Amino acid sequence: MEHSKYEAKTYTSYNNSLIERRFKVFLFLFRMGGIPLYMKSVSKLNAVYNVSLTVCFYITYFCVSVDTLINRHQLSLAMKNFRVFLAMVLFTWLHFSVR
């Protein structure tokens with residue numbers, strides 16, 4: 001098969017007011033979570049924020065998993081930590097999917 005002469009063009013508007021109006025809350029939450037959706041450029045302050053947020057999240061993720069392993073003989077503490085651990089696993093999956 002030969003390549004076509006015409007390439008498919010995707011038209012993406014970063015300043016689309018319709019998207020901003022409809023998904024204002026979701027875009028705000030994603031941006032606060034460190035995922036810059038529909039932004040042309042990311043400022044240096046936002047980049048530092050993203051890095052610090054990601055580092056803090058994964059440190060907390062590691063600490064919760066270690067605390068779950070340490071308290072595995074105390075069922076009530078282990079179940080509390082395991083619920084937090086499962087929620088963090090879901091957020092990690094969401095983070096990797098959206099990034």
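Numbers for the structure displayed
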item	result
Order of VAL64, VAL84 - criterion: other Cβ atoms within 10 Å of each residue's Cβ, fewest first	VAL84, VAL64
Contact order relative to length of segment 9-99, as percent, for alpha carbon pairs under 8 angstrom and 6 or more apart	19
Estimated FRET transfer efficiency (SER52, LEU75; beta-carbon r; R0 30 Å; 0.05)	0.30
Segment 22-99: radius of gyration and largest Cα-Cα distance (Dmax), Å	15.7, 50
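None of the figures in this text is laboratory data; all of them are computed from the coordinates on show. Quick caveat: nothing in here was measured; it's all calculated off a predicted structure. Cβ sites come from the backbone with ideal geometry, for glycine too, and all protein chains shown count toward neighbours.
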